[in-house]
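Enquirer: First, the structure itself, so that you have it in front of you.
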Amino acid sequence: MTLASSPAHITIDKLTFDYGGERPAVDSLSFDIAEGEFIGLLGPSGCGKSTTLRMFAGLLAPTSGQIIIGGENIVSRPPWERNLGLVFQSYALFPHMTVAQNVAFGLRLRKVGKDESAARVAEALRAVRLEGFGNRRPAELSGGQQQRVAIARAIVIEPEILLLDEPLSNLDARLRDEMRFEIRDIQSRTGITTLFVTHDQQEALTMCDRIAVMNGGRLEQIGTPVEVYDKAATPFVAGFIGRANSVSATLSLGAGAPRLEHEGQALPAPSAGELPMGAAEGAKMSAMVRPHAIQLSRPDASGLTARVIRSVFVGSVIEVELELAGGQKLVAELRPGSDEAQLAQPGAEVALSWRSTDMRIFAA
Amino acid sequence: MTKFLSFISRAYVTLVFCIVFMPMAIILVISFSADSYLSFPPSGWSLKWYGTVLGNTSFMQGFRNSAIIAVIVAALSLALGLPAAYALVRLDFPGRALIRSLVIAPLVLPAMMLGLGILMVFTPAGLVATYPGLVLAHLVMTLPFSIRILQTTLSNLGTDVDEAAMTLGARPLQVFMQITLPRLTPGVIASSAIALILSFDEIVLSLFIVGPRLQTLPVALYRYVDERTDPMVAVLAVLMIALSLAIVLVVERSVGFAKAFDR
């Protein structure tokens, strides 16, 4: 494989885009991308991830801030001088050209010789497993194939960074799973630094080296899939990535270890260093816990109790809906056939517990 | 019940169709008349009026003038309409929304008023009964159509494909020539065809500014009907319909009007 790129280190510094709305669409975004890294930009629609991508591509001019690629701030460069590969959600192939002409387009503009161009086009098509499709028109291809042509067209120019804008959302479910691995495979073979925009946490978790979670134009957290899933930095991240239950609680410092109480019932003890800095006695807290971390047992005097509302068998797990004393609802996932599952009879009172490492505590 | 309804709706469509096409059918029949006046049904059949039309210098001169004007008008409609449509769809400038709605104003104003206005401007400018004068007057009618059609085609194209070309290294002019323009072909052909037909058939504005030196075919026909009524006018009408139909068919076969309007 000679389709090597020259991966560059990228620094995004206080990148801001403000079109004069209530708040900036992208608000002082800063993070670094290492050479050859596959970064996911994850967030709900309107979080500013696509705006960020368009600023990368030069299709939008940032209000302020810098994008530094290989030591150079590129924000004032027009898109045609950036050497970035952008793959659109709509693929955006040139319908009046063949597949080979589509892929060769960027090379033609770079005045690459005919023979070299043909060789590189063939190589790019091989990289996306579309050998022999060069003479087809885009309209004759399936969605997944068009997608791969778009990727070939973007990587053939050996871009400094590959930008993928929701590349999977127009594909059907089966093809999407396939293309996930396909894209990741192409990326690791070529070593291209990649910025992948998605609203789908599953895609981000399964594909990315690191995930930058955005909300309301701001960066909530950046970290590996395991970090953002297990060590959510904000309530938003905890709620957006995977399912999370939120239990409101009051902090009581008292003597000894700090305690969290919900309606007078004690939550599992928070681990040291887990409490937000400067939390005072009586502060309102919110404890986040994943459905699979909740354990059920017979009710006892101390600890959190709940009433089972219903339990539903969904195949690999049993989903149990629980109601706390104060009326808050939680969902727990239990292993079918386990002792716990026996306890989860509708109407039954149960005690809830979880390991303190499975709990994230935020100021409410 | 459904059978009855389907019968009613079919009958209704047939009726509407008849109302629309009856005049054309009658004219077609009359054009093959052997009579020396307009009557329906004709008492005998012949092709002699077709020969008479082709031998009539006033009509043949008018046809030549109309054809020349229509071709120039179509070309200018495209040359002026495409940049205008591009600006209205792709560029952001103050007053864009206002201009967008004003563009179609010539279509909603009474043609009489336009004609009068044009006459008052053209007379002192010496444009009456000249090729440039007629071309300019026809452009007033055809440009709004061209701009509208090209605007629709252009906004249906979206910006993704052009932006993709840009990120691959194409400068704006290269993007337009190599990506946008080829994708606009259906709209370009459809708008040119419509400008051609509109100009060739145009009569109201033409009436104001033709003169003995320069007359278009529709005006010649109109003047002729004023004085005499023989099947020659039917023949001319049939020939004009045939020409328009031919243009429409060519467009439909090559790109398809539907394609020009929604893809």
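What follows draws every value from the coordinates through simple rules; no lab data is involved. Just so it is clear, the model here is predicted, and its values are computed rather than measured. No Cβ is skipped: glycine too gets one built from the backbone with ideal geometry, and neighbour counts run over all protein chains shown.
Enquirer: Label region B:1-157 by shape, choosing from rounded, prolate and oblate, from the square roots a ≥ b ≥ c of the eigenvalues of the Cα gyration tensor; if a/c is under 1.5 it is rounded, and otherwise prolate applies when a/b is larger than b/c, oblate when it is not.
Expert: Working: a/c = 2.67, a/b = 1.28, b/c = 2.09.
Since a/c reaches 1.5 but b/c is at least a/b, the shape of region B:1-157 is classed as oblate.
Enquirer: Here is a follow-up. With the cut-off at 1.5 for a/c, could you classify chain B from its C-alpha gyration tensor as rounded, prolate or oblate?
Expert: Because a/c hits 1.5 or more and a/b fails to exceed b/c, chain B counts as oblate.
Enquirer: Here is a further query. Through the Karplus equation 6.51 cos²θ - 1.76 cosθ + 1.60, θ set to phi - 60°, convert the phi angles of region B:77-82 into ³J(HN,Hα) values in whole Hz; use x for Gly and Pro.
Expert: Values per residue, Gly and Pro as x: 4, 6, 4, 8, x, 5 Hz.
Enquirer: Which of A:L164, A:L334 comes first, and how do the rest follow, when ranked by fewest Cβ neighbours within 10 Å? Write out the running numbers ahead of the final one.
Expert: On the way: A:L164 27, A:L334 23.
The order, fewest Cβ neighbours first, is A:L334, A:L164.
Enquirer: Using alpha carbons only, how many degrees (0 to 90, rounded to 10) separate the axis of helix A:173-190 from the longest principal axis of chain A?
Expert: Once rounded, the angle reads 60 degrees.
Enquirer: With a cut-off of at most 11 other beta carbons within 10 Å, and DSSP calling the residue loop, which GluC sites (Glu not before Pro) in region A:197-286 qualify? Please list them. It would help to have the intermediate numbers written out before the result.
Expert: Working: sites: A:E203, A:E220, A:E227, A:E261, A:E263, A:E274, A:E281; in loops: A:E263, A:E274, A:E281.
In loop regions of region A:197-286 (DSSP not H, G, I, E or B), the sparsely surrounded GluC sites (Glu not before Pro) are A:E281.
Enquirer: Once you sort the root eigenvalues of the Cα gyration tensor of chain A as a ≥ b ≥ c, which label holds: rounded (a/c under 1.5), prolate (a/b larger than b/c) or oblate (the other case)? Could the numbers behind the result be given before it?
Expert: Numbers: a/c = 3.17, a/b = 1.95, b/c = 1.63.
Cα axes put chain A in the prolate bin.
Enquirer: As a test, work out the antiparallel percent of DSSP beta bridges whose residues both lie in the protein assembly as shown, rounded to the nearest 5. Before the final figure, lay out each step's value.
Expert: Numbers: 55 of 72 bridges.
If we restrict to bridges inside the protein assembly as shown, about 75 percent are antiparallel.
Enquirer: Hey, what angle do you get for helix B:111-125 against the long axis of chain B, alpha-carbon based, 0 to 90 degrees rounded to 10?
Expert: Once rounded, one gets 80 degrees.
Enquirer: Shifting gears a bit: Suppose the Debye formula is applied to equal point scatterers at every Cα of region B:156-236; what is log10 I(q)/I(0) at q = 0.15, 0.19, 0.25, 0.27 Å⁻¹?
Expert: -0.68, -0.85, -1.13, -1.20
Enquirer: Just want to confirm a number: the relative contact order over region B:97-213, from Cα pairs under 8 angstrom separated by 6+ residues, in percent. Spell out each step's value before the answer.
Expert: Numbers: 83 pairs, mean separation 51.2, N = 117.
This gives 44 percent for region B:97-213.
Enquirer: Would you mind telling me which residue in B:I147, B:I30, B:I179 has the biggest mean-square fluctuation in a Gaussian network model of chain B, where springs connect alpha carbons within a distance under 10 angstrom?
Expert: B:I179
Enquirer: Which value, in debye to the nearest 20, describes the size of the charge dipole of region A:10-232 about its Cα centre when Lys and Arg Cβ atoms bear +1, Asp and Glu Cβ atoms bear -1, and nothing else is charged? Don't jump to the answer; show the numbers that get you there.
Expert: Details: 25 positive and 29 negative charges, 152 e Å.
That gives region A:10-232 a dipole magnitude of about 720 debye.
Enquirer: Right, here's the next one. Work out how much length A:N73 to A:V312 would gain on full extension: take 0.36 nm times their residue separation and subtract the Cα-Cα distance, in nm to one decimal. Don't skip to the end; give the middle numbers.
Expert: Working: separation 239, 0.36 × 239 = 86.04 nm, distance 5.43 nm.
Working it through step by step, the gained length comes to 80.6 nm.
Enquirer: Shifting gears a bit: Given a cut-off of under 8 Å on Cα pairs at least six residues apart, what relative contact order in percent is computed for region A:10-232?
Expert: Values: 434 pairs, mean separation 66.0, N = 223.
The normalised contact order for region A:10-232 reaches 30 percent.
Enquirer: How far, in nm, would the chain grow between B:A125 and B:S43 when pulled straight, counting 0.36 nm per residue and subtracting the alpha carbon separation? Working shown, then result.
Expert: Details: separation 82, 0.36 × 82 = 29.52 nm, distance 5.13 nm.
The B:A125-B:S43 span can extend by a further 24.4 nm.
Enquirer: With unit charges on the beta carbons (Lys and Arg positive, Asp and Glu negative) and the dipole taken about the Cα centre of region B:1-142, which residue among B:G115, B:V128, B:V140 sits farthest to the positive side?
Expert: Among B:G115, B:V128, B:V140, the one farthest towards the positive end of the dipole of region B:1-142 is B:V140.
Enquirer: Which residues does a label at A:S248 reach in region A:257-273, if reach means a backbone N under 17 Å from a point 7 Å past the Cα toward the Cβ?
Expert: From region A:257-273, the list is A:260-267.
Enquirer: Please arrange A:L253, A:L86 by how many other C-beta atoms lie within 10 Å of their C-beta, fewest to most.
Expert: Numbers: A:L253 14, A:L86 29.
Neighbour counts put them in this order, fewest first: A:L253, A:L86.
Enquirer: Could I ask something else about it? How far, in degrees from 0 to 90, does helix B:232-254 lean away from the longest principal axis of the Cα atoms of chain B, to the nearest 10?
Expert: That works out to roughly 30 degrees.
Enquirer: Can you tell me the dipole magnitude for the protein assembly as shown around its Cα centre, using point charges on the Cβ only (Lys, Arg +1; Asp, Glu -1), in Debye to the nearest 20? List each step's numbers first, then the result.
Expert: Details: 52 positive and 54 negative charges, 395 e Å.
It works out to roughly 1900 debye.
Enquirer: Rounded to the nearest 20 Debye, what is the dipole magnitude of region B:57-262 about its Cα centre when Lys and Arg each give +1 and Asp and Glu each give -1 at the C-beta?
Expert: On the way: 12 positive and 11 negative charges, 49 e Å.
About 240 debye.
Enquirer: In whole Å, largest first, what are the principal axis extents of the Cα atoms in the protein assembly as shown?
Expert: 118, 71, 52
Enquirer: Take chain B, connect every pair of alpha-carbon atoms lying under 10 Å apart with a spring to form a Gaussian network, then pick out the residue of B:R228, B:R148, B:R100 with the largest mean-square fluctuation.
Expert: B:R228
Enquirer: Residue farthest toward the positive end of the dipole of region A:10-232, with Cβ of Lys/Arg at +1 and Asp/Glu at -1: which of A:G144, A:Q221, A:T63?
Expert: A:G144
Enquirer: With a 10 Å Cβ neighbour count serving as the proxy for reagent exposure, in which order, fewest first, do A:V308, A:V156 appear? Don't jump to the answer; show the numbers that get you there.
Expert: Values: A:V308 19, A:V156 27.
Fewest to most other Cβ atoms nearby, the residues stand as A:V308, A:V156.
Enquirer: Which links in A:K284/A:K329; A:K49/A:K231; A:K49/A:K284 stretch past 28 Å when you go from one Cα to the other? Spell out each step's value before the answer.
Expert: Values: A:K284/A:K329 18 Å; A:K49/A:K231 22 Å; A:K49/A:K284 32 Å.
Violating the 28 Å limit, Cα to Cα: A:K49/A:K284.
Enquirer: Which aspartates and glutamates have a Cα lying under 17 Å from the Cα of A:K111, excluding residues fewer than 8 positions away in the same chain?
Expert: Within the straight-line cut-off, A:K111 pairs with A:E81, A:E158.
Enquirer: What is the log10 of I(q)/I(0) for region A:243-363, computed with the Debye formula using one identical point scatterer on each Cα and no solvent, at q = 0.18, 0.23 Å⁻¹?
Expert: -0.89, -1.34
Enquirer: Can I ask one more? Could you work out which residue, out of A:K111, A:K231, A:K329, moves most in a Gaussian network model of chain A, that is, has the largest mean-square fluctuation with Cα springs under 10 Å?
Expert: Looking only at A:K111, A:K231, A:K329, the biggest GNM fluctuation is shown by A:K111.
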